[in-house]
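Colleague: Below is the structure I would like to discuss, written out as structure tokens.
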Amino acid sequence: MNITDKLKQCMEENDIDLYGIADIELMKDTYSSYKEGREMRLDQYFGKKLEITDIDDILWIGKAVSYESPEDSEDGHWWIDIIVENKKDFGELTISEEEIKSINV
């Protein structure tokens, strides 16, 4: 069984909506980046609804509304902004790649 099939099986077993093969490819790329120690390209998540777990194990759910690349940021890291949906009256979260433990579409 290849990684795409494993991801599909995991999503089905956990009753997660399947958004399409493009999102599975995105998840595979993100996992590969993490595994190989490469930077996490947060621009690929722009406009998507995300579930982000930060390094403190806090879950953030919301839509990505903007991002900042390492070339544009002062600290040389990726940053992403999401409109938080799972925490009442929170508003917008700005989080760096360094603070993200996992990210799911």
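Rule-based calculations on the coordinates, nothing more; no lab input. For clarity, every value in this text was computed on a predicted model and none was experimentally measured. Heads up, the Cβs are rebuilt from the backbone with ideal geometry, glycines too, and the neighbour counts pull from every protein chain shown.
Colleague: At each listed q (0.17, 0.29 Å⁻¹), what is the log10 of I(q)/I(0) that the Debye formula gives for region 42-105 modelled as equal alpha-carbon point scatterers?
Modeller: -0.51, -1.34
Colleague: Something else now. Ranking 105, 65 by Cβ neighbours within 10 Å, fewest first, what do you get?
Modeller: Going from least to most buried by this count: 65, 105.
Colleague: While we're on this one: Mind ranking 80-87, 69-76 by how tightly packed they are, going by the mean number of other C-beta atoms within 10 angstrom, highest first?
Modeller: The densest-packed peptide leads the list: 80-87, 69-76.
Colleague: Moving on to the next point. Give me 67, 45 sorted ascending by neighbouring Cβ count inside 10 Å, so fewest comes first.
Modeller: 67, 45
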